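To start, the structure under review is shown below, and the notes come after it.
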2 protein chains.
Amino acid sequence: MNLSKPMTAASINAVILALLDRGDSYGYEIIKNVRALSGGAIDWPAGSLYPVLHRMRTDGLVESYWQQPEGERRRRYYSITAKGRKALGEEKAQWMTVHNLLMQLWGPDPAFGL
Amino acid sequence: MNLSKPMTAASINAVILALLDRGDSYGYEIIKNVRALSGGAIDWPAGSLYPVLHRMRTDGLVESYWQQPEGERRRRYYSITAKGRKALGEEKAQWMTVHNLLMQLWGPDPAFGL
DNA sequence: TCAGTATGTTTAGATGATCTACATATGGCG
DNA sequence: CGCCATATGTAGATCATCTAAACATACTGA
């Protein structure tokens, strides 16, 4: 399918924050989870995700820490902050606002009684 | 509420095409309809809409024609084309792909069985 | 041992489509 | 006459992502 750039841009923040709200994770795992949860439809290039995570850290929406399991590559884990949860709430509200509008427009014609 | 720029960018095409799929309309009316249908939450500046309509015309997603009712300002009406309907279908598919992902992430935790 | 693949993170610089801000025009109303 | 709502248009700035590449390590199989 390949999401358009604007669709990716509009949803990547909400998706990342929603995932981290489930529990800490790291870049590569986030990409795999999104791919799996979307049935393969959404497959972010690494270069798309990492800069967003960095920006979120700068903005205080997430925090990060390194972890190095025995015999594995080190990973930078991210956790959502209180500010990040607030931002997630706003993302949800915006998404649902647009979704409700689209549902009206895609619904049965009679509803279009303006 | 004020939609973020990325959210506007990601949805404006789908909203415009969905509206025109209901029937021909013109810029100013589209803005009013979107404002009304969203309960005032979405209020596009005119300068946001017109360039998008122009680009859609260039891309062949819509066609336009002038109309000048008695004693009223002239309006440039837009109608959706076959190509526009195809694009609308793709917009729908993309929107629902992301929406389904978000619904999973916002849903009850147990579903998160990766 | 060596190549290939999956894992994992990073960033410099190009890109490009919207947003800002303004311009233009006219009909109706008090 | 002045103001607001109606109605459309565009030049140039803006700015966050995308592209493309690099770096690093663990494992697998030939």
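Against the condition out of contact with any helix residue (DSSP H, G or I) (no Cβ under 8 Å at 6 or more places or on another chain), free of Cβ contacts under 8 Å to residues at least 24 places away in the same chain, among the acidic types (Asp, Glu) and closer than 20 Å to A:MET7 by Cα, how does A:GLU70 come out, does it pass?
Criteria not met by A:GLU70.
What are the residues in the stretch B:7-37 that are facing another protein chain (nearest Cβ under 7 Å) and surrounded by fewer than 19 Cβ atoms within 10 Å (Cβ to Cβ), if any?
B:ALA9, B:ARG22, B:ASN33, B:ALA36
Looking at the stretch B:68-80, is at least one residue more than 12 Å from DNA strand C (Cβ to nearest atom) and within 30 Å of A:SER38 (Cβ to Cβ)?
yes
Taking the conditions exactly as written (farther than 21 Å from B:MET103 by Cβ and either surrounded by fewer than 18 Cβ atoms within 10 Å (Cβ to Cβ) or without any contact (Cβ under 8 Å) to a residue 24 or more places away in the chain (or both)), does A:GLY89 satisfy them or not?
Judged against the criteria, A:GLY89 is not a match.
Output the residues belonging to the stretch A:38-69 that are facing chain B (nearest Cβ under 10 Å) and β-branched (Val, Ile, Thr).
Correct list: A:ILE42 only.
Out of all the residues in the stretch B:85-101, which are facing chain A (nearest Cβ under 7 Å) and more than 15 Å from the chain's Cα centre (by Cα)?
Selection gives B:THR97, B:VAL98, B:HIS99, B:LEU101.
Answer with yes or no whether B:GLU72 is more than 24 Å from the chain's Cα centre (by Cα) and more than 14 Å from chain A (Cβ to nearest Cβ).
For B:GLU72, the condition - more than 24 Å from the chain's Cα centre (by Cα) and more than 14 Å from chain A (Cβ to nearest Cβ) - is met.
Scanning the stretch A:11-37 for residues that are small (Gly, Ala, Ser), out of contact with any Lys or Arg (no Cβ under 9 Å at 6 or more places or on another chain) and assigned to a helix (DSSP H, G or I), which turns out modelled with the highest pLDDT?
A:SER11
Which of the residues that make up the stretch A:38-78 are more than 8 Å from DNA strand D (Cβ to nearest atom), exposed (fewer than 11 other Cβ atoms within 10 Å of the Cβ) and in a helix (DSSP H, G or I)?
Within the stretch A:38-78, A:THR58 is the sole residue that qualifies.
The values are calculated or read from the model by the stated rules, or taken from the named source; none is laboratory data. Please read all numbers here as calculations on a predicted model, not as lab measurements. Note: ideal-geometry Cβ built from the backbone for every residue, glycine included; neighbour counts use all protein chains shown.
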